[in-house]
Structure formats: C-alpha cells, structure tokens
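Where a number appears in this text, it was derived from the coordinates with a stated rule and is not lab data. Worth saying up front: this structure is predicted, and the values here are computed from it rather than measured. Note that each Cβ is placed from the backbone with ideal geometry, even for glycine, and that neighbours are counted across all protein chains shown.
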Amino acid sequence: MKGAFITATGTGVGKTWLASALATACVQRGKRVAAIKPIETGVDPDPVDALALARACGNDSLADAPGLYRAKEPLAPYAIEKRGGPSVGSLRALAKRIRELARDADYAIVEGVGGVLVPIDRERTIADLAALLDLQTVVVARNALGVLSYTLTAVEALRKRKISVRAIVLNHVERNHRDDLSRTSNADVLADCFPRIPILRVPRVQSPSDMVDAASQLLNILKI
C-alpha cells in the first residue's frame, strides 16, 4: 500500500483539512485514492472528519465502512474504553482493514486521531498504528507559541518507532495572531532543527481550500 499517514502534534491543528486537500489533489491528477479516518471519536451522530475525507476522494462509503472505530464521546480511545465504551481492539486487524479498503486505489491517505501519542489503549498509541501501516508520515502542527516543543516531541516519538517524517506542515488556524511573536520564527527554527525535513508553512487556514498549495507541494515531496 502506497500513500501518506497524516498525524499531528495535537488536536484541532488542521489534519483533516490537509488530508482532504491532499486527497482532492490526487484525484485532480488522475489518481485513484482511498482517504480513510480509521479511528474517529466525537461521532454524534456522523463521523464528520471521515465524511470529509471520503467525499474528497469521491467514495462516501469509506466513512462508514465496517471494521473502523467510531465512538460518540470526544475523548481518546483509551479514555473511552476506561469509561466502559468500545475498545479499538487489534491494531493489526485495523491495519488489515485499512489495506483492504485501499486495495483498489493507487494511494491511501490515512488520517490519525489527535496527536502522535494519543493512547489507543494502555500500551499503544497512534504512532504504533502509523508504524504498522508503514506509509509516508506527515506531521501537522499549529504555528503558535509552544509548537517547537510539541513538534520536537512528536518527531522524536515517531523516530523512536523507526518512522521517518517526510514533511512538517505548519498551520495558522487562529484568527488572532498579532500578539504571538513566535509565528515569525517557528518555521525557521524547525528548519534548523530538522534540516532534512521540508517545512511547509500555511497561513490563515480555515478550510481545505486554504491547503491547496501545501497539498500540491506535498504531492511532489511524497512523489505521489
């Protein structure tokens, strides 16, 4: 299976927008794409992120495909399990299901849930799912004060599992940015910290359409 795994430094930083834009860009280049959100919480009643991805690749059925994890509470899967909710179960079975859904596609775009180390259960995290899928990994981060530590931590966690990061996408997702001086230097500092990882900076992200340029650049980086 070829494609990309979209993860992040945390929640609400634009993963779904990027994954959707990436899927759309692939389709526009004539590629068959399976855009999948294998784990989604806060599903009340619809898996909103999964639907956005599925529609971006032109296959709505991917959002509600059997074998994927859906839960109503907006919590990490392990927190939901501890409250008596459903567990994710076997990661290998989940990875197998993702491969089955992407079997007829040229590329798979898989979006994680929350950040790199969101706990799936007591021992496993989203990073472990990324390792099983063995796709090209992209880290999405919010261009704001604190992102340097968050991103360094995320990349270190991925490298610990022998996952190489192919790109970092630095988004500005807040409207009020005048008082955050870090926004002017975060990209440069990250480029110095990770000289071999492309840093893509995206200003004013409010919808997938704002990610078109970044998605096009990513396609070239990922050679999709």
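Given the -39500 (n - 2.57) contribution per DSSP H run of 4+ residues, what per-residue ellipticity at 222 nm results for the chain, rounded to the nearest 500 deg cm²/dmol? Mind dumping the intermediate values first?
Numbers: 8 runs with 81 residues, N = 224.
After summing the helix terms and dividing by the residues of the chain, the value is -10500 deg cm²/dmol.
Using C-alpha pairs under 8 Å with a sequence gap of at least 6, the mean separation divided by the residue count of the chain gives a relative contact order of 27 percent. Protection proxy ranking for 32-38, 206-212, using the average of other Cβ atoms within 10 Å per residue and placing the highest first: 32-38, 206-212. Protection proxy ranking of 85-93, 196-204, 150-158, 20-28, by the mean of other Cβ atoms within 10 Å over each peptide's residues and highest first, is 20-28, 150-158, 196-204, 85-93.
Count neighbours as other Cβ atoms within 10 Å of each site's Cβ, and list the trypsin sites (Lys or Arg not before Pro) in the range 130-186 that are DSSP loop with at most 15 such neighbours.
Those that pass, being in a loop and sparsely packed, are 161, 162, 175, 178.
Sparse packing (at most 13 other Cβ atoms within 10 Å of the Cβ) combined with a DSSP loop state is found for the following GluC sites (Glu not before Pro) in the range 91-137: 123.
When Rg and the Kirkwood Rh are both derived from Cα coordinates, the Rg/Rh ratio for the chain amounts to 0.94.
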